[in-house]
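Enquirer: Before I ask anything, let me first share the structure, which is written out below as structure tokens.
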Amino acid sequence: MHGSVAHSDRRESAIVTGAAGALGRATALRLGHDGFAVGILDLPGDELSETASQLASAGIAHHVLEVDLRDTDAIAAALRDADEAIGPLAALVNNAAIYPSRAFLDIPIDEYDDVVAVNQRAYFAAAQTAARLMAPHKRGAIVNVGSITWHGGWSNLASYISTKGAAVALTRALSRELGTHGIRVNAVAPGAFPTKAESIQGDQQEYSRFVIEHQALKRRGNPAEFAAVVSFLVGDDSSFVTGQTINIDGGWVME
Ligand SMILES: NC(=O)c1ccc[n+]([C@@H]2O[C@H](COP(=O)([O-])OP(=O)(O)OC[C@H]3O[C@@H](n4cnc5c(N)ncnc54)[C@H](O)[C@@H]3O)[C@@H](O)[C@H]2O)c1
């Protein structure tokens, strides 16, 4: 289902994938407050409806895109639909991901394929459609969401971490090619935010202690602090920044 609610006369739109999740929702709200009309893309369900209703309550123009990111034709159709419905696409945030946790020796290849389809192939496909829509306007910004796990490795997440490295590689490759079209491409690498993703970590309190021990800042991050960096990277304040990856991790990884 695609449906839109228009409350603003902003001429430009931003699309956030995985907008039913904590970091995607915070990003959709932040970009809405920045003045974008926001396309929220995710699988259908209560969490996506909740994001839509929070945007509606805030008076933010938005468009709901119920899409399975494993379907690349559906991605292209949804982005074009949003571009027509709520304004020319000026920003894409490739944020959706899946993160099955399993020992490398036990990962079935079908599971690996699924992770690649959502976390890597869909990022490529969405960026391609977005860039095709942005190029005629000579303007646009794409942000790919990686993860600090890519820097140092992590057990039981080999498929996921491979795709998060790919997000950084894609960012660098596209920034070179799309710069000539006035399109900037950057990445963010979150550390450990206390979201649903942490359910794979077992004892939550122990994990929280582990996180804080490794961070320079001795507190947990808030999804709004993730969204603020994405806002910077899609906004004009970062107009001379492209091809970069910013770690948003309270000072865990420093490279
Ligand atoms: N939370 C963290 O601490 C953390 C750390 C490092 C990286 N990240 C990255 O941040 C991003 C957001 O993470 P989050 O914590 O909000 O996770 P989340 O699981 O809450 O959100 C991910 C969203 O992606 C959606 N999604 C999954 N498969 C899909 C599909 N086939 N089609 C459409 N949508 C699909 C899910 O429905 C979900 O809403 C991810 O890229 C994740 O890898 C998060």
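The values are calculated or read from the model by the stated rules, or taken from the named source; none is laboratory data. Just so we're clear, the structure is a prediction, and the values are computed from it rather than from any experiment. Ideal geometry is used to build each Cβ from the backbone, glycine not excepted, and the neighbour counts take in all protein chains shown. In case anyone asks, the SASA skips ligands and DNA or RNA and just uses the protein heavy atoms, side chains included. Shrake-Rupley method; radii C 1.70, N 1.55, O 1.52, S 1.80 Å.
Enquirer: Would you confirm whether or not the range 25-46 contains a residue that is among the small types (Gly, Ala, Ser), in a helix (DSSP H, G or I), touching a strand residue (DSSP E or B) at 6+ places or on another chain (Cβ under 6 Å) and in contact (Cβ under 8 Å) with a residue 60 or more places away in the chain?
Expert: no
Enquirer: Pull up the range 138-153, narrow it to residues that are in a loop (DSSP other than H, G, I, E, B) and not hydrophobic (A, V, I, L, M, F, W, C), then point me to the one that is nearest to the ligand (Cβ to nearest atom).
Expert: Among residues in the range 138-153 that are in a loop (DSSP other than H, G, I, E, B) and not hydrophobic (A, V, I, L, M, F, W, C), the one nearest to the ligand (Cβ to nearest atom) is Ser147.
Enquirer: I would also like to ask the following. Hey, among Arg121, Arg132, Arg80, which residue is within 11 Å of the ligand (Cβ to nearest atom), part of a helix (DSSP H, G or I) and of a type in the set (Lys, Arg)?
Expert: The conditions single out Arg121.
Enquirer: I'm trying to understand the selection: among the residues of the range 11-24, which are within 28 Å of Arg220 (Cα to Cα) and either open to solvent by less than 40 Å² (accessible area, probe 1.4 Å) or away from the ligand (no atom under 11 Å from the Cβ) (or both)?
Expert: Across the range 11-24, the qualifying residues are Ala14, Ile15, Val16, Thr17, Gly18, Ala19, Ala20, Gly21, Leu23, Gly24.
This table checks each residue for (1) modelled with pLDDT under 95; (2) assigned to a loop (DSSP other than H, G, I, E, B); (3) of a type in the set (Gly, Ala, Ser).
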position: Ser175; (1), (2), (3): no, no, yes
position: Arg209; (1), (2), (3): no, no, no
position: Arg219; (1), (2), (3): no, yes, no
position: Asp237; (1), (2), (3): no, no, no
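Enquirer: Examine the range 215-224 for a residue that is more than 24 Å from Ala20 (Cα to Cα), within 16 Å of the ligand (Cβ to nearest atom), open to solvent by 30 Å² or more (accessible area, probe 1.4 Å) and not acidic (Asp, Glu), and state whether such a residue exists.
Expert: Yes, the range 215-224 contains at least one residue that is more than 24 Å from Ala20 (Cα to Cα), within 16 Å of the ligand (Cβ to nearest atom), open to solvent by 30 Å² or more (accessible area, probe 1.4 Å) and not acidic (Asp, Glu).
Enquirer: Another question, if that's okay. Does Ile75 count as buried (at least 24 other Cβ atoms within 10 Å of the Cβ), more than 20 Å from Ser147 (Cα to Cα) and within 19 Å of the chain's Cα centre (by Cα)?
Expert: Yes, satisfied.
Enquirer: Now a separate question. Asn156 passes all but one of (1) open to solvent by 60 Å² or more (accessible area, probe 1.4 Å); (2) part of a helix (DSSP H, G or I); which number fails?
Expert: In the conditions (1) open to solvent by 60 Å² or more (accessible area, probe 1.4 Å); (2) part of a helix (DSSP H, G or I), Asn156 misses (2) alone.
Enquirer: Would you say Gly45 is modelled with pLDDT under 95 and open to solvent by less than 50 Å² (accessible area, probe 1.4 Å)?
Expert: No.
Enquirer: Mind listing whichever residues of the range 48-71 are open to solvent by 40 Å² or more (accessible area, probe 1.4 Å) and assigned to a strand (DSSP E or B)?
Expert: The one that is open to solvent by 40 Å² or more (accessible area, probe 1.4 Å) and assigned to a strand (DSSP E or B): Glu66.
Enquirer: Which of the following residues is open to solvent by 10 Å² or more (accessible area, probe 1.4 Å) and within 17 Å of the chain's Cα centre (by Cα): Gly251, Gly191, Gly179?
Expert: When all the criteria are applied, what remains is Gly191.
Enquirer: What number of residues within the range 90-108 satisfy the criterion of being touching a helix residue (DSSP H, G or I) at 6+ places or on another chain (Cβ under 9 Å) and in a helix (DSSP H, G or I)?
Expert: 1
Enquirer: Out of all the residues in the range 138-149, which are farther than 18 Å from Val234 by Cα and surrounded by fewer than 24 Cβ atoms within 10 Å (Cβ to Cβ)?
Expert: Result: Ile148, Thr149.
Enquirer: Here are the criteria: (1) modelled with pLDDT of 95 or more; (2) closer than 25 Å to Phe124 by Cβ; (3) not hydrophobic (A, V, I, L, M, F, W, C). Tell me which single one His33 does not satisfy.
Expert: It fails just one condition, (2).
Enquirer: Now for a separate question. Test each condition in (1) open to solvent by 20 Å² or more (accessible area, probe 1.4 Å); (2) away from the ligand (no atom under 16 Å from the Cβ) for Ala197 and report the one that comes out false.
Expert: Single failed check for Ala197: (2).
Enquirer: A further question follows. Here are some residues: Phe210, Phe232, Phe240. Which one is of a type outside the set (Lys, Arg) and within 16 Å of the ligand (Cβ to nearest atom)?
Expert: Testing whether each residue is of a type outside the set (Lys, Arg) and within 16 Å of the ligand (Cβ to nearest atom) leaves just Phe210.
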